[in-house]
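The values are calculated or read from the model by the stated rules, or taken from the named source; none is laboratory data. Bear in mind the structure is a predicted one, so any value in this text is a computation, not a measurement. Glycine gets a Cβ as well: all are built from the backbone with ideal geometry, and neighbour counts include every protein chain shown.
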Amino acid sequence: MKAPHIRFERRLSSPPGLQVVALIVALLLAMITVGIIFYFLGVNPFVAFQRIFRGGFGSLFGLQETVTKSIPLMLAGVGLTLAFRGRMYNIGAEGQLLMGAVFATGVIRIVPDWPSYLLIPAMFLSGFLGGMVWAFFPAILKARFRVDEVLTSLMLVYVAGELVRFLVYGPWRGTDTRGFPITDEFPLASHIPTLAGTRIHYPTWLLAVLLAVMIYVLLTRTKIGYEIRVTGENPEAARYAGMNYQRVALLVMLISGGLAGLAGTGEVAGIHFRLRPPEAISPGYGFTAIIVAWLARLNPLAAILTSFLLGGLLVGGDAIQIALNLPAATVQIFNGVILLFVIAADLFAQYKIRLEV
Amino acid sequence: MGVNIFEFILLALRAAIPAGTPLLYGTLGEVYAERSGVLNLGVEGMMIMGAVSGFAVAHTTGNVWFGILTAALVGGLLALIHAFACITLRVNQVVSGLALTMLGLGISGMMGKRYVGQPLAARLQPIHIPGLSDLPVIGELLFRFDILVYIGILLVPLLWFLLYKTRLGITLRSVGENPAAADALGVNVAFVRYAAVVFGGMMAGVGGAYLSVSYAPAWIEGMTAGAGWIVIALTIFAIWDPRRALLGAYLFGGVRVLQYRLQPLGISPNLLNMLPFLLTILVLWISSGEAARRHIGAPAALMTPYSREER
C-alpha cells in the first residue's frame, strides 16, 4: 500500500508569465493570511488593509513617503540580490546599513567645512566603506574558515546597533540636543537635496537605480557575473570549472555590504541630518530588503519595483500603527508571511506538483 | 577580597544557570531538529512566541503550567509551518526559518501589547529539595532554582542517551546523515523530520516561556533579544551533542551575567551588550576550526530536502 504523497516534477523551463502569476497569487494569499492573523489578534483586517493602502499609496503625500522609504530598501535590496545569487546569505544588511550611517557621520566630524560637492560624495564613499567593512568579517570568515555567514552577519547587526547607541549616548552626543541621544545637526552643505516639499532625496534614488542597472549588467553580461551565478546555483560545478570561490564570496558580500552602507548614508544625510539611535535611523530596512530581493526573484532590476511596493507597506504600516495603536513590530508579520508565500511561489513556478493517492 | 574564589564560582553559577536555561532548551531542541537534517532559523521567532503566549496564559489563568504548556504548543505549531515548508514543499530552509522569526517577532509584538508592564502573580517559584537545598552555602546558591532549570539539566543526559543509545536516536541520525539509506530501510524520512522539527519548536517555546514566567518574569516586547540566534550558534558549538549544549548554554548565561557585573566598573553598557554577540562569532570561528580538524561537522543531509525521485 502506498501512502498519499506529493510528487514534484521539475519543469523543463519556467515560463516568465507563470512566475509572475505565481508571485501575484502568492502576494494575494499572503495578504489573506495576514488578514486572518489580524482578525485573531482582534484587529479588523478590512479596516487595517484599507488604512495601509491609503497610507502608502492612496495620496500624494503617501506616495512621496513610499518613494522616500523605497530608497534604502532599493539600495540594500539590490545588494542582497547579488549576494543571494552567489549563495551568500547576507542577513546582516541592517548592521551594514547602520555602519554606513556611522561612517558617513564620521566624515562630518572630520571635515565639517568641506563644500557640498565634496562633502556629499565623501559621505557616500565613506558609508559604502562602512558597509563593506561590516560585511568583510562574515565574508572572510565564510570564505576562509567556512563559518556560517547567516549567523555572523546577523550577530554584527546587534553589534552595530550597540555601537551606534554607544556613539550617540557617549562620545558623539551633540551639544545642542537637550539631553537627547543624538549628534548635533549636520552642516547644511552635507544635506542631500530633496524634491521640493518632500523628503525624497532624489540623488540617492538615482544612485540606487543606477546601481540596480549596474549590478544587473554585472550579473548577466560579465564573466564574474557568470561565475557568481554558477557558484550560487552549483558550488561544486563552479569549483570543478576552476572558479575561485573565495573571490566570488568576498566580492558579493562586500558589494552588498557597501550598498547597504549607502542606504545608511542616505538616511542620515538625506532624512535625519544627524546620527540617532538605531531604531530611529532604520525601522529594519536591512531586514525588509531581504524580502525586496526575494520578491524580485533576485533580479536587481525587479528590485526597483519591489522596493517601491515594500516601501508602501512600511508607510502603510506606520499609518495603522498610529491609527489602530499597534506596535512597530506589526510590519514584521507582513514580512514573514510574504516571505513564506514568495518562496513557496518559486516552487510552484519551477515544479509541477501533483498529489498522488 | 571578602569573597573567596569558591564562593565567587558559586555566585557566578547561581546567576549563569538561570540565564543560560532558555538557551539550553532552545539548543537541545535545535540539536534534534538539525540532527534530522532540517535547519530551523526560526528559533528566535518560536522563543518569543513561547514567551508571549506563556506569559499571556499564565497571566490570564493564574496557572504558570498552563502557560508553559501553551508555549510548547505554540512553539511546536510554528515549527510545523517550517516543517511543512521545508519537508513537504522543500523550500529554502534559510529563508523559511528567517520568515518564521519575522512572523514570530511581529505576532508577539501585537499579542503582547496589552501585557506590557503587567505583573505576573503566577510566576514559577524556586523549589525546595529536601536535604540539598538545606546545605550551607551550596544549598542556598545551587539548589534553590525553579523546576524548569532542573528539568533542563535532566533533559541533557536523557536526550543524549536517546540520540546515541537507542533505536530512535539511530533512526533520527540516519535520516539526517543519509536519508536515502534510511528510506531504503523502511524509515519514514518525512515523518521523522516533522517530529524532530516540531520537538525543536516545542523546546524553543518552553525556553521562551522560561524568560517570561520565571527569569524576568514579565512580558517585554522583543525580550529574547537575539537569544534565538545564539541558540543556532550554540548548536554548532555543541557539535550537535546535547552534552556540549549544556556547556555552551551556561557559558553564554555566564556572559549575560558578566555584562551586569562589569557595568558598575564604568564600562559603557552598550559596549558590554556587544559581548555575547562578539563571543558568538568567536565561538563559531573556533567551532568550525575544531570541526575541520576532527573531521566532524553538521549532519551530512542538513539543509537538503529529500525526495525519492531525486536521490
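Being at pLDDT 95 or above and assigned to a helix (DSSP H, G or I) holds for only one residue in B:257, B:198, and it is B:198. Selection of the range B:1-15 for residues being touching a residue at least 24 places away in the same chain (Cβ under 8 Å) and either within 15 Å of residue B:176 (Cβ to Cβ) or out of contact with any Leu (no Cβ under 8 Å at 6 or more places or on another chain) (or both) yields B:7, B:12, B:15.
If you go through the range A:342-357 and keep only what is more than 9 Å from chain B (Cβ to nearest Cβ) and in contact with a strand residue (DSSP E or B) (Cβ under 7 Å, 6 or more places away or on another chain), you end up with A:350, A:352, A:354, A:355, A:356. Yes or no: residue B:225 within 12 Å of chain A (Cβ to nearest Cβ), among the aliphatic types (A, V, I, L, M) and outside any helix (DSSP H, G or I)? When the stated conditions are applied, residue B:225 passes them.
Yes or no, residue by residue, for (1) free of Cβ contacts under 8 Å to residues at least 24 places away in the same chain; (2) closer than 14 Å to residue A:330 by Cα:
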residue: B:97; (1), (2): no, no
residue: B:105; (1), (2): no, yes
residue: B:120; (1), (2): no, no
residue: B:136; (1), (2): yes, no
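Evaluation of residue A:64 against the conditions (1) farther than 28 Å from residue A:269 by Cβ; (2) away from every other protein chain (no Cβ under 14 Å); (3) touching a Lys or Arg at 6+ places or on another chain (Cβ under 8 Å) shows that the sole unmet condition is (1). The helices (runs of 4 or more DSSP H) falling completely within the range A:187-296 that include 3 or more residues that are within 21 Å of the chain's Cα centre (by Cα) and surrounded by 22 or more Cβ atoms within 10 Å (Cβ to Cβ) map to A:202-221, A:245-267, A:285-295. The residues of the range A:301-341 that are buried (at least 23 other Cβ atoms within 10 Å of the Cβ), among the polar types (S, T, N, Q) and within 13 Å of chain B (Cβ to nearest Cβ), listed by number, are A:330, A:332, A:335. When restricted to residues that are farther than 13 Å from residue B:212 by Cβ and touching a residue at least 40 places away in the same chain (Cβ under 8 Å), the range B:45-74 contains 7.
State whether one or more residues within the range A:107-123 are within 12 Å of another protein chain (Cβ to nearest Cβ), touching a residue at least 24 places away in the same chain (Cβ under 8 Å) and within 21 Å of the chain's Cα centre (by Cα). Scanning the range A:107-123, I find no residue that is within 12 Å of another protein chain (Cβ to nearest Cβ), touching a residue at least 24 places away in the same chain (Cβ under 8 Å) and within 21 Å of the chain's Cα centre (by Cα), so the answer is no.
For the range A:142-155, filtered to residues that are surrounded by fewer than 21 Cβ atoms within 10 Å (Cβ to Cβ) and among the hydrophobic types (A, V, I, L, M, F, W, C), the residue that is farthest from the other protein chains (Cβ to nearest Cβ) is A:143.
Selection of first residues in the range A:156-171 that are at the interface with chain B (Cβ under 9 Å from one of its Cβ atoms) and of second residues that are surrounded by fewer than 23 Cβ atoms within 10 Å (Cβ to Cβ) and not in a helix (DSSP H, G or I), restricted to Cβ pairs under 7 Å at least 6 apart or on distinct chains, gives the following pairs, ordered by first then second residue: A:158/B:226; A:164/A:277; A:165/A:277; A:166/B:268; A:169/A:181; A:170/B:268.
The condition of being in a helix (DSSP H, G or I), out of contact with any Gly (no Cβ under 6 Å at 6 or more places or on another chain), closer than 15 Å to residue A:21 by Cα and modelled with pLDDT of 90 or more holds for residue A:342.
Against the numbered list (1) at pLDDT 95 or above; (2) more than 28 Å from residue A:205 (Cα to Cα); (3) outside any helix (DSSP H, G or I), residue A:152 comes up short only at (3). Among the residues making up the range B:270-296, those that are more than 7 Å from chain A (Cβ to nearest Cβ) and touching a Gly at 6+ places or on another chain (Cβ under 9 Å) are B:276, B:283, B:291. The condition of being of a type outside the set (Asp, Glu), closer than 25 Å to residue A:212 by Cα, modelled with pLDDT of 95 or more and outside any loop (DSSP other than H, G, I, E, B) holds for only one of A:27, A:119, that being A:119.
Looking at the range B:234-245, is at least one residue within 8 Å of chain A (Cβ to nearest Cβ) and either under 22 Å from residue A:157 (Cβ atoms) or assigned to a loop (DSSP other than H, G, I, E, B) (or both)? Scanning the range B:234-245, I find at least one residue that is within 8 Å of chain A (Cβ to nearest Cβ) and either under 22 Å from residue A:157 (Cβ atoms) or assigned to a loop (DSSP other than H, G, I, E, B) (or both), so the answer is yes.
If only residues of the range B:87-96 that are of a type in the set (S, T, N, Q) and within 7 Å of another protein chain (Cβ to nearest Cβ) are counted, the one that is farthest from residue B:176 (Cα to Cα) is B:96.
The one condition from (1) free of Cβ contacts under 8 Å to residues at least 24 places away in the same chain; (2) closer than 21 Å to residue A:299 by Cβ; (3) in a helix (DSSP H, G or I); (4) small (Gly, Ala, Ser) that residue A:83 does not meet is (1). Of everything listed in (1) touching a helix residue (DSSP H, G or I) at 6+ places or on another chain (Cβ under 7 Å); (2) crowded, with 17+ Cβ neighbours inside 10 Å; (3) at the interface with chain B (Cβ under 10 Å from one of its Cβ atoms), the single unmet condition for residue A:182 is (3). Only one entry of B:58, B:99 meets the criterion of being within 30 Å of residue A:324 (Cα to Cα), within 11 Å of chain A (Cβ to nearest Cβ) and modelled with pLDDT of 95 or more, and that entry is B:99.
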